[in-house]
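Here is the structure we will look at.
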Amino acid sequence: MRKVIIMPQMPISRRFLRSMLDTLTGAVICIWLSLTAALLGQTWRHPLLFLILFVPAVGVIARLWGLSGAILGLVSSLVVFRVGLFVPLGRLEVTSPDARAGLFWTVVGAGIVVYVLARPQHRRRTIRKGGESC
């Protein structure tokens, strides 16, 4: 009789758990900011102002919680803005060309800001036998 191993037991490292927690924290904060901006933007005359103010906020999130949390939060915030900020409310489509352009430039600008301000990743440096680092 042969034993069948379904899934080997692998310990989860603290670094992995910390990375996942940072990603989820950054994404949740980004979603919360976009929900707040969408609710406030519905009553203002210029909702595109909230998109402009959202870009530095995503940069701060990238700096504090890392690149993956900021990107996940940015993508989910785009959905929140499309559904909750622009007419028709509650639908993914945006009818105004100005609003579409604002969303596009927000994603492009926030993507650049996130990439530039993202916290450096923890990289291991391996040492070869000759003493060289790679």
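Derivation of every value follows stated rules applied to the coordinates shown; laboratory data play no part. Quick caveat: nothing in here was measured; it's all calculated off a predicted structure. Ideal geometry is used to build each Cβ from the backbone, glycine not excepted, and the neighbour counts take in all protein chains shown.
If we count other beta carbons within 10 Å of each Cβ, what is the order of 96, 68, fewest first?
Fewest-to-most Cβ neighbours within 10 Å comes out as 96, 68.
Could you line up 98, 22 from fewest to most neighbouring Cβ atoms inside 10 Å?
Final ranking by Cβ density, sparse to dense: 98, 22.
Ranking 92, 78 by Cβ neighbours within 10 Å, fewest first, what do you get?
Lowest count first: 92, 78.
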